[in-house]
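What follows is a single structure, written as structure tokens, with notes after it.
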Amino acid sequence: MEINRSQSPWKGLLALSLALCMVTLTALSLGVSAKSSTDVISVGDGRWALVKDGHVETSYTGISKNKHGWWRVKNGYVDFHANGVYRNEYGWWYVKNGKVDFDYTGIAKNANGWWQIAGGKVNFEANGVFRNEHGWWYVKQGKVDFNYTGLASNAAGNWYIKNGKADFSKNGTYSKGGVNYTLKGGKVQGNGKTIFLTFDDGPAQYTDQLLSILDKYGIKVTFFVTNCYPKYQYDIQKEFQAGHAVALHTYTHNYGTVYKSTSAYWNDFEKMENVISKQTGHRVTMFRFPGGSSNTVSRKYCSGVMTSLTRQAGQKGLTYYDWNVDSNDAGGTKTSDGIYNNISRGVANHKQSIVLCHDVKSYTVNAMDRTIKWALQNGYTFRTLQPGGYTVHQKVAN
Ligand SMILES: [Zn+2]
């Protein structure tokens, strides 16, 4: 059985589990003989090994599974002393006494750094403040950034970080981008409300300008990227390196193409996945449907397609994000004053606001300095969307 390595991880995992289901069934039908299959089995003297066709695979080092779990294998043998973060072709895994611990969520380290783990797997889409038993840490794209000093946020608030770690002893004031913050026990005294700014349809000609504004205030946002302006693909890498969340929107953004059928949709999705992973080195699990999940334009091309796609997304381990505040920059609002008014009024009505914006609109990007400054001065916290975190789902209407 071939596992296509060019496929995305969820497909790979599915293929892997299917492959291993088959192996288990084969082994059972042969009376647990590993002679004609690959499996992690006991080889005596308390040792377990990855055995293929009756031989220990001494050339293999990685993570392998059997019916009892996933195991750290070194030179063919399960290493029961392995503790930390180890990788195979499907991801990076948290290993405890040789076995992947799928119950672990926290921060664990290996020789390459400290990593945010969610359910046993390194979460490369984690951005913000995360904790383990040693403290609270600033995480950028799944990795603790020990070089960072400044503010960073999580669901509990906005925190002062010193060399990657939340400094709960910090009191007084802190200034950034002309905004003054009051700190108490390392925490910014805010209004308890969170804004998730999201920018769709780029990267494009105004994205660089936007990145500079975000950098000035040190806030992180979420980009739902496309390939509509291929010459700006490099901005995906810039967004990623700056610690923003890079999520997937669409390759073509052509409703007639993507909503023709479910397979047409996922084909377009995979093309965009490839563009993103080329720029960032990672696959994404967060995305937004063109037009949102409640769009009705898709009815014209395929009846019921949104109902099927929203269901399939969950099965694939993907999460889609709609919005509860609309800047209306793809609607009738075409001035920066209008964008500022729509956002500032909108976010006042929610404890958590996912704000729809488009970084392909000059008037939106031009509104951001004023909008962000207003929000920070009024105690709002900015965060990136996170897998498993806050999301808004509109009502599917097709
Ligand atoms: Zn869009």
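Below is a table of values for the structure above.
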quantity: Under 13 Å from the Cα of Lys121 - aspartates and glutamates, other chains or at least 8 residues apart; calculated: Glu89, Asp101, Asp103
quantity: Leading residue at positive end of dipole, segment 194-382 (Cβ point charges), from Ala375, Thr222, Gly304; calculated: Gly304
quantity: Relative packing of peptides 143-156, 192-205 - highest average C-beta neighbours within 10 Å first; calculated: 192-205, 143-156
quantity: Between segment 34-109 and segment 261-327, the Cα center-to-center distance that results, in Å; calculated: 34
quantity: Ordering of 274-286, 173-185 by burial proxy (mean other Cβ atoms within 10 Å per residue, highest first); calculated: 274-286, 173-185
quantity: Cα gyration tensor shape of segment 38-84, rounded if a/c is under 1.5, else prolate or oblate by comparing a/b with b/c; calculated: rounded
quantity: Size of charge dipole - segment 38-84 - debye, nearest 20, with Cβ of Lys, Arg +1 and Asp, Glu -1, no other charges; calculated: 140
quantity: Set of aspartates and glutamates with alpha-carbon distance to Lys165 below 15 Å, sequence-local pairs under 8 removed; calculated: Glu133, Asp145
quantity: Antiparallel bridge percentage (DSSP; both residues within the chain; nearest 5); calculated: 70
quantity: Order of Glu89, Glu273 - criterion: other Cβ atoms within 10 Å of each residue's Cβ, fewest first; calculated: Glu89, Glu273
quantity: Positive-end residue, the chain charge dipole about Cα centroid, Cβ charges, pick of Ser293, Asn324, Cys357; calculated: Asn324
quantity: Against the rule of thumb 2.2 N^0.38 Å, how large the Cα Rg of the chain comes out; calculated: 1.09
quantity: Across Lys176/Lys316; Lys99/Lys220; Lys170/Lys361; Lys96/Lys140; Lys67/Lys260; Lys74/Lys271, pairs whose alpha-carbon gap is larger than 31 Å; calculated: Lys176/Lys316; Lys99/Lys220; Lys170/Lys361; Lys67/Lys260; Lys74/Lys271
quantity: Mean residue ellipticity (222 nm) of the chain, computed from DSSP H runs ≥ 4 via -39,500 (n - 2.57), nearest 500; calculated: -8000 deg cm²/dmol
quantity: Normalised alpha carbon radius of gyration of segment 83-208 [divisor 2.2 N^0.38 Å]; calculated: 1.21
quantity: Coil-residue chymotrypsin sites (Phe, Trp or Tyr not before Pro) of segment 74-111, DSSP, other Cβ within 10 Å capped at 16; calculated: Phe80, Phe102
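Just so you know, all these numbers are worked out from the coordinates, no wet-lab data involved. Computed from a predicted model, the values in this text were never measured in an experiment. Because the Cβ atoms are built from the backbone with ideal geometry, glycine has one as well, and the counts that use them run over all protein chains shown.
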